[in-house]
1. Go through the range 10-89 and tell me which strands (runs of 3 or more DSSP E), entirely inside it, have 2 or more residues that are at pLDDT 90 or above, basic (K, R) and not assigned by TED's automatic domain parsing to the domain that holds I232.
2. Just need a number here: residues in the range 90-102 that are surrounded by 15 or more Cβ atoms within 10 Å (Cβ to Cβ) and not in a strand (DSSP E or B).
3. Under 9 Å between Cβ atoms, which residue pairs at least 6 apart in sequence (or on different chains) link something in the range 181-195 that is over 9 Å from C251 (Cα atoms) with a partner that is of a type in the set (D, E, K, R) and assigned to a strand (DSSP E or B)?
4. For the range 178-201, which positions are loosely packed, with under 13 Cβ neighbours inside 10 Å and in contact with a strand residue (DSSP E or B) (Cβ under 8 Å, 6 or more places away or on another chain)?
5. Considering only the range 215-243, how many residues are of a type in the set (F, W, Y), in contact with a strand residue (DSSP E or B) (Cβ under 9 Å, 6 or more places away or on another chain) and under 21 Å from T185 (Cβ atoms)?
6. So, in the range 103-128, of the ones that are modelled with pLDDT of 90 or more and assigned to a strand (DSSP E or B), which residue ends up farthest from the chain's Cα centre (by Cα)?
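The values are calculated or read from the model by the stated rules, or taken from the named source; none is laboratory data. Predicted model, so just to flag it, every value in this text is computed and none were measured. Backbone-built Cβ (ideal geometry, glycine too); neighbour counts: all protein chains shown.
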Amino acid sequence: MSLIIFPPELEEVDTKFQLDPRFIFKNLERMFSPGPTASIFNVKSSELFPVNVQSLDSKAGMKLKIEESPRNGLNAFIGQTCYFIAGLEGGKLQFPVAGLKFAESGFLSCDIPKTISLIQRREDFRASAPPDRALKALIFFSVGKEMIGDIVNISDKGIQLDLRLGSTEMEVGTIWTGCSLERLTARTAKFDLIIRNLRPSPIEASRIRVGCELYEPTKLNLNEFASKRSAIQNARQNRRINFWYQDASWC
């Protein structure tokens with residue numbers, strides 16, 4: 001059996017990757033029913049071995065099937081500092097293992113974790129826009145002239161917009177100044193965008209997808225973008241996407 005398993009990130013993980021503790025068990029049920037092959041990593045020896053989540057119980061914990069026994073035996077992991085790691089579609093899920101012990105033959109068990117990190121695979125991970133029609137991007141050209149753009153996705157440092165083709169001249173390298181994000185009466189601080197790529201809309205021939213990056217952003221701009229992306233991603237993971245704005249710093 002050919003397995004690809006990865007060690008955990010042992011340095012302090014950014015809080016934006018942590019799932020809401022209130023919804024950890026529900027997330028585990030969704031992710032591992034059935035779940036992909038994961039692994040148990042021994043921090044001291046850097047040895048790991050593959051497991052599969054067989055069942056989840058809020059009181060009894062997680063039941064793990066041993067897919068391959070570690071070279072130095074399972075006793076080398078019991079009572080040691082270990083991490084659970086799984087490669088999921090949304091990124092690398094990891095948490096410190098507590099209460100690891102032998103169960104029935106070929107199985108282990110551990111406690112339901114109190115903290116979980118889901119680390120995106122790329123630095124500028126893009127979160128798809130929420131189904132919130134009140135959320136818009138405002139692009140200003142001059143006094144009294146503006147364009148409203150639909151948001152396709154957003155990262156910590158950029159945004160992809162869906163715009164009407166021909167609504168304005170658009171070229172790679174064009175800089176839009178004084179833009180903002182708006183939801184109902186709430187607005188972010190103004191920011192500048194630079195167009196990085198243009199591509200046809202996969203849905204309508206009369207529209208265009210415009211990939212933009214923050215241009216010379218302020219610290220506030222970066223914080224508000226990161227807050228929005230993180231709020232959307234966490235709300236989606238925790239099955240409360242319609243309420244994403246409750247955790248965004250600017251809403």
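1. 61-66
2. Adding up the residues that qualify gives 3.
3. Taking only residues 6 or more apart or on different chains, the pairs are L181/K136; L181/R187; L193/E213; I194/E213; I195/E213.
4. From the range 178-201, those loosely packed, with under 13 Cβ neighbours inside 10 Å are 184-185, 197, 199-200; that's our starting set.
N197, R199, P200, listed by residue number.
5. 1
6. It comes out as F107.
One line per residue, one yes/no per condition, for (1) farther than 30 Å from R22 by Cβ; (2) assigned to a loop (DSSP other than H, G, I, E, B); (3) over 23 Å from the mean Cα position of the chain (by Cα):
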residue: D162; (1), (2), (3): yes, no, no
residue: S167; (1), (2), (3): yes, yes, yes
residue: E182; (1), (2), (3): no, no, no
residue: I195; (1), (2), (3): yes, no, yes
residue: G211; (1), (2), (3): yes, no, no
residue: P217; (1), (2), (3): yes, yes, no
residue: Q233; (1), (2), (3): no, no, no
residue: R236; (1), (2), (3): no, no, no
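To keep it simple, each residue is scored yes or no on (1) of a type in the set (S, T, N, Q); (2) in contact with a helix residue (DSSP H, G or I) (Cβ under 6 Å, 6 or more places away or on another chain); (3) at pLDDT 90 or above; (4) not assigned by TED's automatic domain parsing to the domain that holds G91.
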| position | (1), (2), (3), (4) |
| --- | --- |
| M170 | no, no, no, yes |
| E182 | no, no, yes, yes |
| F191 | no, yes, yes, yes |
| I194 | no, no, yes, yes |
| A205 | no, no, no, yes |
| Y215 | no, no, yes, yes |
| T218 | yes, no, yes, yes |
| N223 | yes, no, yes, yes |
| R239 | no, no, no, yes |
